[in-house]
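Quick notes on the structure that follows.
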Amino acid sequence: AYIIYTSGSTGQPKGVYQNHRNLLHNIMQYTNTLHLSPHDRFTLLYSCSVNGSLRDIFGALLIGASVHSYDVKTRGLADLANWLIKEKITFYHSVPTVFRHFIDTLTGAESFPHLRLIRFGGERVPAQYVNWYKQYFPDDCILYAGMGATETSTTRQCFIDKKTIIHDSVVPTGFEVDERPIILLDDNGRPVPAGAIGTIAVKS
């Protein structure tokens, strides 16, 4: 289906391929987990060459939703709030760093009546970001933090609402994604006993 490069954050970037079956399975999990529907209006703030964009492009295509592109590099973030409101965006998705700079542009007078879901991926999420989410966005809006790898897509997820209290300095990695357990294997590819060291593998 595609070849895409890793970020290289843990070493040398490498090309990762995904077949059509994996792509369809990933998107099915994505749309079902987040209860996405044809009525949703997705942001596309990522470059199309980045893994984060694929879920939104294919997710929108496969459920009949719409995806709305905003070129952060060219336009900057000063007008992003007005754009989200004008386009009636329901699903905002970016890395936390972009969100932090976006928050710097807000006055507190903005209203985002259509926004029901904010999704972070690609980086850890400091607890302060949850405070910003609670301060600036609607009461019925949900914050979702996903963690994974280019090879595996999302493997851990954390849902946060306005009543959630984060006790640590960062948002926890959360819970297992349905049908995508993480296991530890020995040198022969067998699961290791509890408490033993092994190689991380993701089943799917």
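The values are calculated or read from the model by the stated rules, or taken from the named source; none is laboratory data. Not measured: the values here are computed from a predicted model. Here the Cβ positions follow ideal geometry from the backbone for every residue, glycine too, while neighbour counts run over all protein chains shown. Surface areas here come from the heavy atoms of the whole protein model, side chains and all, with no ligands, DNA or RNA. Shrake-Rupley method; radii C 1.70, N 1.55, O 1.52, S 1.80 Å.
Residues in region 159-198 that are of a type in the set (Gly, Ala, Ser), surrounded by 14 or more Cβ atoms within 10 Å (Cβ to Cβ) and on the phi < 0 side of the Ramachandran plot: Gly198 only. Considering Leu45, Leu84, Leu54, the condition of being more than 17 Å from the chain's Cα centre (by Cα), buried (at least 18 other Cβ atoms within 10 Å of the Cβ), farther than 18 Å from Asp161 by Cβ and touching a residue at least 40 places away in the same chain (Cβ under 8 Å) is satisfied by Leu84 alone.
Here Gly189 qualifies as small (Gly, Ala, Ser), assigned to a loop (DSSP other than H, G, I, E, B) and over 26 Å from Ile4 (Cβ atoms).
Would you say Asp178 is in contact (Cβ under 8 Å) with a residue 60 or more places away in the chain and farther than 24 Å from Leu44 by Cβ? Taking the combined requirement at face value, the residue satisfies it.
If you check Tyr46, Tyr17, Tyr70, Tyr30 for being of a type in the set (Phe, Trp, Tyr) and more than 23 Å from Leu115 (Cβ to Cβ), only one passes: Tyr17. Listed by first and then second residue, the pairs linking a residue in region 7-29 that is surrounded by 15 or more Cβ atoms within 10 Å (Cβ to Cβ) to a residue that is acidic (Asp, Glu) and in a loop (DSSP other than H, G, I, E, B), with Cβ atoms under 6 Å apart and 6 or more places separating them unless they lie on different chains, are Val16/Glu151. Just give me the residues in region 87-109 being touching a residue at least 24 places away in the same chain (Cβ under 8 Å) and among the hydroxyl-bearing types (Ser, Thr, Tyr), in sequence order. Thr90, Tyr92, Ser94, Thr97, Thr105 - these are the residues of region 87-109 that are touching a residue at least 24 places away in the same chain (Cβ under 8 Å) and among the hydroxyl-bearing types (Ser, Thr, Tyr). Taking the criterion of being closer than 28 Å to Lys14 by Cβ, at pLDDT 95 or above and out of contact with any Phe, Trp or Tyr (no Cβ under 8 Å at 6 or more places or on another chain), would at least one residue in region 84-93 satisfy it? Among the residues of region 84-93, not one is closer than 28 Å to Lys14 by Cβ, at pLDDT 95 or above and out of contact with any Phe, Trp or Tyr (no Cβ under 8 Å at 6 or more places or on another chain), which makes the answer no. If you check Gln135, Gln157 for being touching a residue at least 24 places away in the same chain (Cβ under 8 Å) and part of a strand (DSSP E or B), only one passes: Gln157.
Out of everything in region 96-116 that is open to solvent by less than 50 Å² (accessible area, probe 1.4 Å) and aliphatic (A, V, I, L, M), what residue ends up being nearest to the chain's Cα centre (by Cα)? Result: Val98.
Among the residues of region 144-152, none qualifies, meaning not one is part of a loop (DSSP other than H, G, I, E, B) and more than 17 Å from Gly52 (Cβ to Cβ).
Restricting attention to region 117-146, and to residues there that are basic (Lys, Arg) and modelled with pLDDT of 95 or more, which single residue is most open to solvent (accessible area, probe 1.4 Å)? By that ranking, first place goes to Lys134.
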